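Since every read-out is calculated from the coordinates, none of them should be taken as a lab result. Just so we're clear, the structure is a prediction, and the values are computed from it rather than from any experiment. Reconstructed Cβ throughout: ideal geometry from the backbone, glycine too, with neighbour counts over all protein chains shown.
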Number of protein chains: 2
Amino acid sequence: MTITLPNPTSRQQSTCCTPTETTIPRPAESRDLARRLKALSDPTRLQLLQLVAAHPGGRACICDLTEPLGVTQPTVSHHMKLLAESGFVTREQQGKWAHYTIRPEALNDIGQRLASLSHPCS
Amino acid sequence: MTITLPNPTSRQQSTCCTPTETTIPRPAESRDLARRLKALSDPTRLQLLQLVAAHPGGRACICDLTEPLGVTQPTVSHHMKLLAESGFVTREQQGKWAHYTIRPEALNDIGQRLASLSHPCS
């Protein structure tokens, strides 16, 4: 779906895109990006991501994630579940413990999508 | 403030950082990044950002932002205020209308900070 940008009313007609029709993010794409950004918009989750990334191979046992941040394991589990649902980590159960692996490509993808917001015509 | 990562208990001691002490994001920095991400985590705000960026010089009158997204001017004003508070746009009043200018460097900064989360030792 393409949303049409009407002729500007307050200034000259020259634009970086086609003056009368600019493709802005599709609602579904914007919703998806917003959902992923929301999953990141929590200080504890940001710290957990970096903590996982600091472990060997970017992989950490949940048993090693509670103490550094001073939060309970159920709290960590909740945050890690949200991060996994948005694709920022993968989860693997090993016996008693869940292990999480960082997905740098998911974080890089968000960064690129944010940078491209300011260059809609490129 | 530095948070100390204790010795891992479930696996080998080799890590990409110093085994017993890893600097993870400072709480204040994580809160700031989380706050900016939250400002972006709304589909309408993401669309507004790209709409502003698509205008000449990345600058748009608020009067040109309501119709393309089918939202009211108070709604646009609310969203643009949040985006301005987080530094993603600047605001300039010209007579009756507010004009907003995109700040690509702010979006790029967020992207770089997200990418660096997965490389805490670099």
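Numerical summary
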quantity: Within 10 Å of each Cβ in B:27-40, the average number of Cβ atoms from other chains; calculated: 5
quantity: For A:Glu29, label point 7 Å along C-beta direction: distances to other copies, nm; calculated: 3.2
quantity: Straight-distance crosslink candidates among lysines, where the alpha carbon sits under 22 Å from B:Lys96 and sequence neighbours closer than 8 are dropped; calculated: B:Lys81
